[in-house]
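Some notes on the structure that comes next.
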């Protein structure tokens, strides 16, 4: 069964446009390759972090609305944890309307 999730992640601000584009494509591909669907993708831009993370003081914020099963989300979570260019990520399960 497909569940709706909201995912926010912060990418290291020291990366160039090409690297950012590749990371975002890879993140979307993680969902779509595992039978999930990206409903909406928003680039929230560069923002100052509330506190320093791995010597970084700002990052690029991205927000996604996805439909996926729990196995897809578990794999997605695992892959984002090991990606050193992603400073933080948050996955929220949306309440069904």
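Structure values in brief
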| read-out | value |
| --- | --- |
| Filter result for the condition that a residue is at positive phi and not in a strand (DSSP E or B), over 22, 29, 35 | 35 |
| When residues of region 22-55 are limited to those that are more than 13 Å from the chain's Cα centre (by Cα) and surrounded by 15 or more Cβ atoms within 10 Å (Cβ to Cβ), the one modelled with the lowest pLDDT | 34 |
| Hits in region 58-88 (condition: without any contact (Cβ under 8 Å) to a residue 60 or more places away in the chain, surrounded by 18 or more Cβ atoms within 10 Å (Cβ to Cβ) and in contact with a helix residue (DSSP H, G or I) (Cβ under 9 Å, 6 or more places away or on another chain)) | 60, 62, 64, 72 |
| Breaking point among (1) crowded, with 18+ Cβ neighbours inside 10 Å; (2) touching a strand residue (DSSP E or B) at 6+ places or on another chain (Cβ under 8 Å); (3) not in a strand (DSSP E or B), for residue 10 | (3) |
| Search result, residues across region 54-68 that are in contact with a strand residue (DSSP E or B) (Cβ under 7 Å, 6 or more places away or on another chain) and assigned to a loop (DSSP other than H, G, I, E, B) | 54 |
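The values are calculated or read from the model by the stated rules, or taken from the named source; none is laboratory data. Just so you know, these numbers come straight off a predicted model, no measurement behind them. Virtual Cβ from ideal backbone geometry, glycine too; neighbours counted across all protein chains shown.
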